[in-house]
Every structure is written in C-alpha cells, then in structure tokens.
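Taken together, the values in this text are just the output of simple stated rules run on the coordinates, not laboratory data. No experiment lies behind these values; they were computed from the predicted model shown. Note that each Cβ is placed from the backbone with ideal geometry, even for glycine, and that neighbours are counted across all protein chains shown.
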Amino acid sequence: MTYRTVLDNGMAIVAVENATAEIVAARIFIGAGSCRQTRQQAGLAHLLAAVMTKGTENWSSMEIAEKVESVGASLGTEATPDYFLLSLKTVTSDFEPMLHLAGELLRSPVFPEAEVELERRLTLQAIRSQKEQPMSIAFDRLRRNLYGDHPYAISSLGLAETVAELTRADLQRYHQTYFRPDNIVVSLTGCTQPEAAVAQIEKVFGDWKAPLTPLPPYDFPEIFPQPRHSIVPQDTQQSIVMLGYLAPSIAPDTLFQGKPSDYASLKLLSTYLGNGLSSRLFVELREKRGLAYDVSAFFPTRRATSHFIAYMGTAPQNTKIALDGLRFEIDRLREVLLSEEELQTAKNKLLGQYALGKQTNAQIAQLNGWYEMLGLGIEFDRGFVDAITAVTPEIAQETARRYLTEPYISLVGPESAVNQNLTNHSLT
C-alpha cells in the first residue's frame with residue numbers, strides 16, 4: 001500500500017511499507033537540476049551536488065562522513081537534467097538520525113570555499129575527459145543540434161568556460177531559490193509504518209517555512225526542429241554513428257487512463273529497436289551483418305522535450321554502410337507494420353524490465369518520487385502498464401511516422417571515414 005500526504009509547508013511525502021528487511025531507503029527530490037540553470041551557469045547544479053555534503057553550519061565534511069559510515073548507511077547527492085536528488089539508505093533503527101542529517105544538509109549547507117575550488121577542478125577534469133571519448137563527443141554534438149538554446153543541450157557537468165567562473169555565491173543563490181519545502185518530494189520505502197515515517201519527516205522538516213515569493217516557473221525556450229548533421233574527425237579505433245529525433249516529454253496530461261500514448265509507443269519502439277541481444281538493431285546490424293561493435297537505442301523520460309536516439313560503433317571502413325543500415329532500420333518502423341508477435345515480444349521485455357526495476361526499496365522509492373515530482377502521481381505506475389498493453393502495431397507505426405522522420409546525425413571517427421562519400425549521401 002502506497003501512502004501519500006502533503007505537509008502544511010507544501011512538502012509532498014510518498015511512503016511504502018516493506019517489512020521484508022530492516023532497511024529504509026529514502027529519495028528526496030528537489031525540483032531543480034540542470035534545467036533550472038542558465039546557459040551562462042551551465043554546471044551549477046552538478047557543482048552544488050558535489051559540494052553539498054562537504055559541510056553544514058554544525059558539521060564538517062569529515063564529521064558528516066563519519067556519521068554516515070559509523071552506522072553503515074549510505075548518503076549521496078546528484079543533479080540530473082530534471083531534478084536534484086539526495087539519496088539515503090540505512091537500517092530502520094538509524095533512519096531518524098540519518099534523516100536529521102539529511103535535513104541539515106538540505107537546509108543549511110555552507111559550501112566551503114576550499115571544497116568548491118576542489119570540486120570545480122575535478123569537474124573541469126571530467127569535462128576534459130569527456131572530450132576524449134568518441135561516444136561522449138558524438139552525443140554532445142547531437143544534443144546541441146537537437147536542443148539549441150534549451151538547457152538540455154548541455155551536459156549536466158556544464159562547459160569548461162562556465163564551470164571555471166562559478167562561485168560560492170552562485171551556489172548560495174541557486175540553493176536559496178530552489179531548495180524550499182514546497183519544491184520537495186520525500187519518497188521512502190522500507191521497514192517502517194507510513195504514519196510513523198511521516199511523523200519523523202514532519203519532525204525534521206515541519207518548521208521549514210516556504211518563502212512567500214512564488215517558485216520560479218519552468219521557462220524552457222521553444223525548440224524549432226531543424227535536422228542537421230555534425231562531423232567530428234578524430235583519430236579513433238572505431239567510428240560512432242548516432243541518429244537523433246525530438247520526442248515527447250512526460251507531463252501531467254500523460255495520465256493514460258488505459259489508453260495508448262506517444263510516450264508509451266516510443267518506449268516500445270526503442271525497446272524493439274535497441275534493447276538487448278534480441279533487439280532489431282543487434283540482430284540485423286551486428287549478428288547478421290557484422291557491422292556493429294556496439295549498437296542500441298534509447299528514449300529517456302524527460303520533463304520537457306525528450307529525444308529518441310539510435311547509435312552504433314563500427315569499424316571506420318564501414319561508416320557509410322553502418323549509417324545506411326541504421327537509417328534503414330529506423331525508416332522501416334514507419335514503412336513496415338510490426339507483426340503482433342514482434343510487438344508482443346517488445347511489450348513482454350519492456351514490462352518485465354519495468355517490474356524488475358521495482359524490486360528493491362531504493363528502486364521503489366526512486367520511481368514513486370520521480371512520478372510525484374513530475375506531477376503524475378502514484379497512479380502513473382499502473383497507467384504506464386495499461387498504456388503499453390494498449391499499443392497496437394498500427395498505433396506504433398503511426399507514432400513512428402510522426403516522430404521518426406528526418407534525423408539529426410552525429411559522426412565521430414577518422415577523417416577519411418566520416419567524410420568520404422558521406423556529404424553527398426545521407427548528410428545533405
């Protein structure tokens with residue numbers, strides 16, 4: 001049974017009791033992430049996540065680490081494109097003191113200057129490392145072409161030139177703006193009664209007052225589809241071929257009510273196309289034709305406009321053939337109706353993996369919190385299964401015809417491979 005309530009300060013709580021082990025996992029979502037930062041401050045949310053556990057008004061970085069490790073708990077923070085997350089897992093008897101520590105980290109981090117400088121240098125190293133990885137380069141170029149001025153265009157790590165200019169004051173302003181109780185979802189699963197868990201959460205966060213000023217609205221720039229290509233010559237062992245398409249977001253109006261949706265259809269198509277050793281891309285391009293070192297497709301869940309991407313790593317001399325093959329398999333989704341058997345196999349795989357992704361306390365807390373943060377509610381879990389079941393071959397094909405049309409293309413590899421005969425072929 002899933003229990004949901006909202007505190008007087010606007011903080012939402014979703015709790016699930018699971019008494020199979022004396023463990024509690026909590027996920028505290030903040031409506032922040034890299035989508036809440038300006039292009040001039042790219043990397044700000046990531047830097048804040050890296051520094052948040054490095055000190056509070058009462059505890060130093062070392063003392064915080066000792067508190068967590070002394071009871072065998074785990075506590076960490078991260079920033080994604082759509083949210084900021086504090087994750088906590090501990091035995092039930094230690095949940096309340098660990099929750100108090102999490103509350104202090106969220107409410108009164110001090111962002112020590114030395115820690116900010118250290119994490120900034122580490123982030124710059126990670127950005128430089130990304131620029132040496134062909135797959136990261138290809139995805140970065142594709143993402144920028146897809147999204148233009150939208151925050152999704154840039155890696156959560158940020159840009160070297162923006163990260164180098166971030167300051168402690170920037171972190172403080174971002175924290176003061178978005179870390180407020182009416183912008184937080186606490187999701188927990190474990191060996192604790194929901195009512196008792198809510199009482200503990202209210203004890204820690206109940207006196208945290210929401211500011212009188214309204215929370216800034218999401219202000220995403222409009223995206224104008226302009227399929228384009230990017231070629232990055234690089235002396236690599238293989239070529240990376242990547243195709244991308246703009247795809248729908250997940251939004252509160254995507255409450256399925258047992259009906260199919262574009263979101264559900266594209267989830268199925270990405271599963272059919274590129275999920276696992278039996279997927280269409282793997283069988284046709286790797287097993288039958290021997291073109292791919294690595295081949296897959298994915299369609300992530302996003303608050304705003306998402307993306308449907310297929311990619312392949314191939315021998316440089318096969319770059320043109322690989323690009324042809326990848327495009328052919330995606331175009332085939334528009335032109336050839338999937339059989340009932342093909343679609344059912346994809347449904348079984350997707351729903352099986354979805355069920356397996358809800359086995360642990362942490363996984364359940366993550367999904368429930370994410371759905372609540374998106375405004376979808378806990379009923380989305382059942383609605384998703386119903387929507388997948390309702391997709392027919394005709395619906396899947398119609399969805400492909402609307403979204404999987406002209407691709408954005410990104411190529412990375414040896415200059416002769418990515419340039420030879422490609423300009424007049426697929427990239428005009």
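Give the Rg (one decimal place) followed by the Dmax (whole number) of region 230-419, computed from C-alpha coordinates and expressed in Å.
When restricted to Cα atoms, region 230-419 yields Rg and Dmax of 17.5, 53 Å.
How large is Rg over Rh for region 42-140, taking Rg from the Cα atoms and Rh as the Kirkwood inverse mean of 1/r across Cα pairs?
Ratio of gyration radius to Kirkwood radius for region 42-140: 1.04.
Which order do the peptides 312-319, 281-288 take when ranked by the mean count of other beta-carbon atoms within 10 Å per residue, highest first?
312-319, 281-288
Can you give me the three principal axis dimensions of region 335-428 from its C-alpha atoms, in Å, biggest first?
Rounded to whole Å, the extents work out to 51, 32, 24 Å.
How big is the antiparallel share of DSSP beta bridges in the chain, given as a percent to the nearest 5?
If I count the DSSP bridges inside the chain, around 80 percent turn out antiparallel.
At q = 0.10 Å⁻¹, what is the log10 ratio I(q)/I(0) for the chain, with the Debye formula run over Cα points and no solvent?
-0.78
On C-alpha positions alone, give me the angle between the axis of helix 95-107 and the longest principal axis of the chain, in degrees, nearest 10.
Orientation of helix 95-107: about 80 degrees from the principal axis.
Roughly how many nanometres apart are two label points built 7 Å out from the Cα toward the Cβ at GLU132 and ASP219?
3.9 nm
Give, in nm to one decimal, the length gained when the segment between GLN172 and THR38 is fully stretched (0.36 nm per residue of separation minus the Cα-Cα distance).
46.7 nm is the gain from fully extending GLN172 to THR38.
With bins 5 Å wide starting at 0, give me the P(r) of region 28-70 over every alpha carbon pair, in whole percents.
Whole-percent P(r) values from 0 Å outward: 5, 20, 20, 18, 17, 12, 6, 2, 0.
From largest to smallest, what semi-axes in whole angstrom does region 1-43 give when each is the square root of 5 times an eigenvalue of its alpha carbon gyration tensor?
They are 31, 16, 7 Å, listed largest first.
Students often check this: by mean Cβ neighbours within 10 Å, which of 174-182, 234-242 ranks highest, and how do the rest follow?
Ranked from most to least packed, the peptides come out as 234-242, 174-182.
State the antiparallel share, in %, of DSSP beta bridges confined to region 230-419, rounding to the nearest 5.
85 percent
If you bin every alpha carbon distance in region 172-298 into 10 Å steps from zero, what whole percent lands in each bin?
Here the calculated profile for region 172-298 is 8, 19, 23, 24, 17, 8, 0.
Fewest first, what order do CYS191, CYS35 take by the number of other Cβ atoms within 10 Å?
Neighbour counts put them in this order, fewest first: CYS191, CYS35.
Could you state the orientation-averaged shadow area of the convex hull built on the Cα atoms of region 2-205, in nm² to one decimal?
12.2 nm²
Helix-only estimate, please: 222 nm mean residue ellipticity of the chain, summing -39500 (n - 2.57) across DSSP H runs of length 4 or more and dividing by its residues, to the nearest 500.
-13000 deg cm²/dmol
How far is helix 393-403 tilted, in degrees, relative to the longest principal axis of the Cα atoms in the chain, given as a value from 0 to 90 rounded to the nearest 10?
Here the helix axis deviates by roughly 90 degrees.
I'd like the orientation of helix 168-178 relative to the chain: the angle between its Cα long axis and the longest Cα principal axis, in ° from 0 to 90, rounded to 10.
90 degrees
Scattering from the C-alpha atoms of region 306-364 alone, worked out with Debye: what is log10 I(q)/I(0) at q = 0.15, 0.22 1/Å?
With no solvent term, the Cα-only Debye profile gives -0.74, -0.97.
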